[in-house]
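Following this message is one structure expressed as structure tokens.
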């Protein structure tokens, strides 16, 4: 499937075909492409919990306002951020680079994240968001639908997936096959509202 | 270009062909696809500052550790979040939905973001990250390369683009045509480190 069609036909599916298993090959392919998503300084700070166990999916549905996507999708991916990724032997993230480059980048990584919890948190969300869209578009190419989700009790889902204390949940993506066609898009803002040329009108931040 | 090739061949380009103008048609197409990116509750909280003015690009390079991508790309997109998107007549985000659905969603939007600055901040990053990947992959389909960037002084760039006080910067994406082939990927972590099946090993958060 071409990129533009995938972007256009990716719609948040609310009803999935139950009991449709996704093959191990498709799951592996999906994740191999997911980890091609870029991260700042290549710290690869995303972690993907692949929930296929029905009891876990049901428990997450219970923690997610009873939304059927959680239990009925083929694969529920809880996208998490490892807040300490920057400190887990970061030289390996640049092992194929010349030593001088590697040294500079590792130093920059430590400088950027080492003493800044807010930077670590923001990076988890940024990386997780980027990877979520990779997953949703790659899923289209593999013949699946998806639904991005934040409507759940993050603390309860953290317990269900055994989230380590130095990780956090970014969002979830349900993957499976939709049982009904997409509804019309609910209401787009005009392109002119989303897009600004060179500078916002008005005074701006302390400008 | 097919989705999987776009994901695989999207690499962070450091050197762009200078003075390569991107056509208005390509820019418009890129942004029309960008705004098909999903957002929670369809609040469409991203704002895209399209920086093409050379003086602005040079000023951002100066605020960005002199990285040449800022000045030499064809189009520098500063991806921002509108922290008040949830309150800007949210019923229009669901105008094509039945009235009862619209009412429920608008109530949920207000409940989720109305009194929670952290939720608004996180959503800016999540939405911005998702849209960034849409842009980078759509750029590939249009024959361009890109570079995702956070290496700049966010406060200085906020002044340069006149960022309103109730917005924040998520990241930037430079778009243009690379002048050199991609280097090898610098160092992938194993798939088994990024992917967890059902539950993280170990005790987890208060489990």
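Every read-out reported here was derived from the displayed coordinates using simple, explicitly stated rules and does not represent laboratory data. Worth saying up front: this structure is predicted, and the values here are computed from it rather than measured. We place every Cβ from the backbone using ideal geometry, glycine too, and count neighbours over all the protein chains shown.
Output, in nm with one decimal and in ascending order, the distances from the residue B:29 label point to the matching label points of the other copies (7 Å from Cα along Cα-to-Cβ).
Once sorted, the set of distances for residue B:29 reads 2.6 nm.
Among A:171, A:136, A:84, which one shows the highest mean-square fluctuation when chain A is modelled as a Gaussian network with alpha-carbon springs under 10 Å?
A:84
Let me know the shape class of the range B:94-207, please: from the alpha-carbon gyration tensor, a ≥ b ≥ c as square roots of the eigenvalues, rounded when a/c is under 1.5, otherwise prolate if a/b is greater than b/c, or oblate.
Taking the square roots of the gyration eigenvalues as a ≥ b ≥ c, the range B:94-207 is oblate.
Springs between alpha-carbon pairs under 10 angstrom, Gaussian network model over chain B: which of B:79, B:109, B:135 fluctuates most?
Largest GNM mean-square fluctuation: B:109.
While we're on this one: Top mean-square fluctuation among B:88, B:188, B:102, Gaussian network model of chain B, C-alpha springs under 10 Å?
B:188
Follow-up question, since we're still on this one. What is the average number of partner chain Cβ atoms found within 10 Å of a Cβ in B:7-13?
3
Here's something else I'd like to know. Determine the calculated [θ] at 222 nm for the protein assembly as shown from helices alone, applying -39500 (n - 2.57) to every DSSP H run no shorter than 4 residues and normalising by the residue count; nearest 500 deg cm²/dmol.
Dividing the helical sum by the residues of the protein assembly as shown leaves -12000 deg cm²/dmol.
For the rotation bringing A onto B, which A residue has its Cβ nearest the axis, and at how many Å?
A:129, 1
Can you give the angle from 0 to 90° between the axis of helix B:99-113 and the longest principal axis of chain B, with both taken from C-alpha atoms, to the nearest 10?
Result, in degrees: 70.
Rounded to the nearest 5, what % of the DSSP beta bridges within the protein assembly as shown are antiparallel ones?
So the antiparallel bridges amount to about 85 percent of the total.
Follow-up question, since we're still on this one. What are the label-to-label distances in nm, one decimal and shortest first, from residue B:166 to the same spot in the other copies, with labels 7 Å along Cα to Cβ?
In ascending order, 3.9 nm.
If we hang a label 7 Å off Cα along the beta carbon direction at residue B:108, how far is it from the matching labels on the other copies, in nm, shortest first?
So the label point of residue B:108 gives 4.0 nm to the other copies.
Helix B:24-34 versus the longest principal axis of chain B: what angle, 0 to 90°, nearest 10, using Cα atoms?
Relative to chain B, helix B:24-34 is tipped by roughly 40 degrees.
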